[in-house]
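Enquirer: Have a look at this one before I ask anything.
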Amino acid sequence: MTEIVSVTNLNKTYPGFQLKNVGFSIQPGRIMGFIGRNGAGKTTTMKAMFNLVHPDSGEIRFFGMDIRKDEFEIKQRVSFISGGVDYYAYSKLTMISDVYRLFYPSWDESLYQAYLSRFELDPQKRIKELSQGMGVKFALALGLSHHAELLILDEPTSGLDPISRDELLTIFEQIVDREGATVFFSTHITSDLDKCADDITYIQDGKILASMGKEALVDSWRIVEGRTDELPVELRGKLTGFHERRGEFSGLLHKKDLDKASGFNVSEADLEAIMVYSERTAESEKPSI
Amino acid sequence: MKNLLYKEFKLSVQPLNYLFLAMAAMLLIPSYPYEVAFFYQTLGIFFIFMIGNTNNDLFFTTLLPVPKRDAVRARFVTVIILELLQIVISVPFALVRSRQINAPNMAGVEANLALFGVAFVMYGVFNLIFLPMFYKTGHKTGVPFLVSGVAMALVVVVAEAAINLVPGWKSALDSIGPTYLPQQLFAMLGGLVLFVVLTALAYQLSIERFEHLDL
């Protein structure tokens, strides 16, 4: 299957932060979660993808086209949603859509009206009167009404209550299943991804740690626990995010090294565990205070 | 471009901008530094940018399928339209002032064509300073407005001083009536040319700076 997005060797240096050779690709008809802790580089990567930030080097292609050369064509087919709607808070929804639709020859007014009623959005309301969840729905309605094939969402679920989050994730699934669109969204809430992601791209400190199917990612790690005084040096060296307290240890072990953990308590890891243990390693590499 | 202009006037231009057009009526005050009447619109333009920050206007605009430079171009066209409107709307007030009020303006240049020349230079200088300074950061409005405001004040001081000090200018440029119309027309056209040149320069600078800006 042809990839819908490919990001290759993306580099960007800011004072105190760096994107390092960021690369991943997104397949059509999938939901890809982009995870990483706050400040890991998710927003910068997404902004660079949409030409809002100028990378120092690297290549970003949508539908095989270079964003720097075919920005107009790409933006017709992609919708970027940052948080919810954080612009023109005092304007009515109808004013925003009146302006927005002019820019998209493929705008489908009846589809837009259908989304408004499906998401229970009152076009006479002002943006600031929308809850955060409703704001994301409005942004989705705008994007879907110009038949965006790819929706890029930056932290759409942060700050939402669990019910709204679940509702939104269900909408993502419907967008992919019914409209045939692709969703790429960033989050630091791993349960979002447990629920709906097909693929995961994990960024840590400006570097991509993993970009693969969710099942494969989860399946490739195990949590190992046991008594520290029984822990062989070889296994200790293989553990990610090693944690010790009161003579007991725990750590994340790659599946390929599973044979080294016989005799210890081995359990399946979930995304949260993978993220927490990996970040723990990253923290321990930093000089202690 | 048409769509972006629609967006500008639907979402970005403020009621204050239209209200400030009414400041043209200040030309009816018998004695007043009439240049001040033209200053208000730059305050209105400053508000477009300041409120644009609150509304995340640049982000909204750059997410649309338009090249970044078009966002700058649309804003320039909006600014120029407002400035020209301010000048055009001032014309009838200037005519009423000079024909109906039979007393010289004791506080500055008369409401004649030369005054419009000064207004063009004020707007050109404002555009050259305020707009590229804003597009360098994409969010700073206060300091650019302060600097451009001081520069416009300097333009007024220099223009008024020149009219009063350069031999022959006082009678030619600070008068009403057909006698010195060619000289005043020349002054206005000079101001217009300067306005065009300075604004074109401002546009080039703004585009270059905005292209390099990370949002």
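The values are calculated or read from the model by the stated rules, or taken from the named source; none is laboratory data. Given the structure is predicted, the values throughout are model-derived calculations rather than measurements. Methodologically, a virtual Cβ is constructed for each residue, glycine included, from the backbone with ideal geometry; neighbour enumeration extends over all protein chains shown. Protein only, heavy atoms only, side chains kept; ligands, DNA and RNA dropped before computing areas. Shrake-Rupley method; radii C 1.70, N 1.55, O 1.52, S 1.80 Å.
Enquirer: Looking for whichever is over 21 Å from the mean Cα position of the chain (by Cα) and either open to solvent by less than 50 Å² (accessible area, probe 1.4 Å) or free of Cβ contacts under 8 Å to residues at least 24 places away in the same chain (or both) here; the options are B:Ser175, B:Ser148. Which one fits?
Expert: Being over 21 Å from the mean Cα position of the chain (by Cα) and either open to solvent by less than 50 Å² (accessible area, probe 1.4 Å) or free of Cβ contacts under 8 Å to residues at least 24 places away in the same chain (or both) holds for just one of B:Ser175, B:Ser148, which is B:Ser175.
Enquirer: Looking at segment A:183-191, is at least one residue part of a helix (DSSP H, G or I), open to solvent by 50 Å² or more (accessible area, probe 1.4 Å), touching a helix residue (DSSP H, G or I) at 6+ places or on another chain (Cβ under 9 Å) and under 17 Å from A:Met32 (Cβ atoms)?
Expert: The answer is yes, given that some residue of segment A:183-191 is part of a helix (DSSP H, G or I), open to solvent by 50 Å² or more (accessible area, probe 1.4 Å), touching a helix residue (DSSP H, G or I) at 6+ places or on another chain (Cβ under 9 Å) and under 17 Å from A:Met32 (Cβ atoms).
Enquirer: Of all residues in segment A:47-83, count the ones that are of a type outside the set (A, V, I, L, M, F, W, C) and within 17 Å of the chain's Cα centre (by Cα).
Expert: 4
Enquirer: State which residue pairs qualify: first residue without any contact (Cβ under 8 Å) to a residue 60 or more places away in the chain and inside segment A:199-215, second residue open to solvent by less than 10 Å² (accessible area, probe 1.4 Å) and not in a loop (DSSP other than H, G, I, E, B) in any location, beta carbons under 7 Å apart, and separation of 6 or more residues or different chains.
Expert: A:Ala210/A:Ile200; A:Ala210/A:Tyr202; A:Ala210/A:Leu217; A:Met212/A:Ile200
Enquirer: While we're here: Does A:Leu52 satisfy being in contact with an Asp or Glu (Cβ under 8 Å, 6 or more places away or on another chain) and open to solvent by less than 60 Å² (accessible area, probe 1.4 Å)?
Expert: So A:Leu52 fits the description; yes.
Enquirer: B:Gly52 - would you say it is away from chain A (no Cβ under 14 Å) and of a type in the set (Gly, Ala, Ser)?
Expert: So B:Gly52 does not fit the description; no.
Enquirer: Between a residue in segment A:133-151 that is under 16 Å from A:Glu173 (Cα atoms) and any residue that is of a type in the set (Phe, Trp, Tyr) and part of a helix (DSSP H, G or I), which pairs come within a Cβ distance under 7 Å, given they are 6 or more apart or on different chains?
Expert: That search, which allows pairs on different chains as well, returns A:Ala141/A:Tyr112; A:Ala141/A:Tyr115; A:Leu144/A:Tyr115.
Enquirer: For A:Tyr115, only one of the following conditions fails: (1) assigned to a helix (DSSP H, G or I); (2) among the hydroxyl-bearing types (Ser, Thr, Tyr); (3) within 14 Å of another protein chain (Cβ to nearest Cβ). What is its number?
Expert: Every condition holds for A:Tyr115 apart from (3).
Enquirer: Let me ask something else. Within segment A:248-266, is there a residue that is more than 14 Å from A:Val218 (Cβ to Cβ), in contact with a helix residue (DSSP H, G or I) (Cβ under 6 Å, 6 or more places away or on another chain) and outside any helix (DSSP H, G or I)?
Expert: There is at least one residue in segment A:248-266 that is more than 14 Å from A:Val218 (Cβ to Cβ), in contact with a helix residue (DSSP H, G or I) (Cβ under 6 Å, 6 or more places away or on another chain) and outside any helix (DSSP H, G or I).
Enquirer: Then there is this: Looking at segment B:69-97, which of its residues are modelled with pLDDT under 95, open to solvent by less than 20 Å² (accessible area, probe 1.4 Å) and of a type in the set (D, E, K, R)?
Expert: The answer is B:Arg97, and nothing else.
Enquirer: Within segment A:35-104, which helices (runs of 4 or more DSSP H) (wholly inside it) include 1 or more residues that are more than 11 Å from chain B (Cβ to nearest Cβ) and not charged (D, E, K, R)?
Expert: Where helices (runs of 4 or more DSSP H) fall fully within segment A:35-104 and carry at least 1 residues being more than 11 Å from chain B (Cβ to nearest Cβ) and not charged (D, E, K, R), they are A:42-49, A:93-100.
Enquirer: Please give the number of the condition A:Arg126 fails out of (1) in contact with a Leu (Cβ under 8 Å, 6 or more places away or on another chain); (2) more than 14 Å from every other protein chain (Cβ to nearest Cβ); (3) closer than 25 Å to A:Ile171 by Cα; (4) of a type outside the set (A, V, I, L, M, F, W, C).
Expert: Evaluating A:Arg126 over (1) in contact with a Leu (Cβ under 8 Å, 6 or more places away or on another chain); (2) more than 14 Å from every other protein chain (Cβ to nearest Cβ); (3) closer than 25 Å to A:Ile171 by Cα; (4) of a type outside the set (A, V, I, L, M, F, W, C) leaves (2) as the failure.
Enquirer: Would you please name the residue that is surrounded by the fewest Cβ atoms within 10 Å (Cβ to Cβ), looking only at residues in segment A:118-131 that are hydrophobic (A, V, I, L, M, F, W, C) and part of a loop (DSSP other than H, G, I, E, B)?
Expert: Step by step, filter segment A:118-131, then rank; the result is A:Phe119.
Enquirer: Let me ask something additional. Looking at (1) modelled with pLDDT under 95; (2) of a type outside the set (A, V, I, L, M, F, W, C); (3) open to solvent by 30 Å² or more (accessible area, probe 1.4 Å), find the lone condition where B:Gly108 falls short.
Expert: With respect to (1) modelled with pLDDT under 95; (2) of a type outside the set (A, V, I, L, M, F, W, C); (3) open to solvent by 30 Å² or more (accessible area, probe 1.4 Å), B:Gly108 is out only on (3).
Enquirer: Check A:Thr182, A:Thr201, A:Thr190 and return the single one that is at pLDDT below 90 and of a type in the set (Ser, Thr, Tyr). It would help to see each step written out before you state the result.
Expert: Details: A:Thr182 fails: at pLDDT below 90; A:Thr201 fails: at pLDDT below 90.
Residue meeting the stated conditions: A:Thr190.
Enquirer: Tally the residues that are within 14 Å of another protein chain (Cβ to nearest Cβ), assigned to a helix (DSSP H, G or I) and free of Cβ contacts under 8 Å to residues at least 12 places away in the same chain, restricting the search to segment B:61-100.
Expert: 1
Enquirer: Out of the residues in segment A:5-34 that are assigned to a loop (DSSP other than H, G, I, E, B) and either hydrophobic (A, V, I, L, M, F, W, C) or farther than 13 Å from A:Asp199 by Cβ (or both), which is most open to solvent (accessible area, probe 1.4 Å)?
Expert: A:Pro15
Enquirer: Looking at B:Pro15, is it away from every other protein chain (no Cβ under 14 Å) and over 24 Å from A:Gly84 (Cβ atoms)?
Expert: Against the criterion (away from every other protein chain (no Cβ under 14 Å) and over 24 Å from A:Gly84 (Cβ atoms)), B:Pro15 does not qualify.
Enquirer: If you scan segment B:22-60, which residues turn out to be closer than 23 Å to B:Phe120 by Cα, in a helix (DSSP H, G or I) and open to solvent by less than 10 Å² (accessible area, probe 1.4 Å)?
Expert: B:Ala24, B:Leu27, B:Glu35, B:Ala37, B:Phe38, B:Gln41, B:Thr42, B:Gly44, B:Ile45, B:Ile48, B:Phe49 - these are the residues of segment B:22-60 that are closer than 23 Å to B:Phe120 by Cα, in a helix (DSSP H, G or I) and open to solvent by less than 10 Å² (accessible area, probe 1.4 Å).
Rundown of residues vs (1) within 21 Å of B:Val66 (Cα to Cα); (2) touching a residue at least 40 places away in the same chain (Cβ under 8 Å), yes/no style:
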| site | (1), (2) |
| --- | --- |
| A:Pro15 | no, no |
| A:Met32 | no, yes |
| A:Met46 | yes, yes |
| A:Asp56 | no, yes |
| A:Arg61 | yes, yes |
| A:Lys69 | yes, no |
| A:Tyr87 | yes, yes |
| A:Tyr104 | yes, yes |
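Enquirer: Please go through segment A:241-270 and give me each residue that is open to solvent by less than 30 Å² (accessible area, probe 1.4 Å) and touching a residue at least 40 places away in the same chain (Cβ under 8 Å), ordered by number.
Expert: Matches in segment A:241-270: A:Gly241, A:Ala269.
Enquirer: Taking A:Phe62 as the residue in question, decide whether it is farther than 21 Å from B:Thr61 by Cβ, aromatic (Phe, Trp, Tyr) and surrounded by 16 or more Cβ atoms within 10 Å (Cβ to Cβ).
Expert: Details: farther than 21 Å from B:Thr61 by Cβ: no; aromatic (Phe, Trp, Tyr): yes; surrounded by 16 or more Cβ atoms within 10 Å (Cβ to Cβ): yes.
Taking the combined requirement at face value, the residue does not satisfy it.
Enquirer: Further question: Any chance you could count how many residues in segment A:220-247 are within 24 Å of A:Thr187 (Cα to Cα) and assigned to a strand (DSSP E or B)?
Expert: Final tally of qualifying residues: 5.
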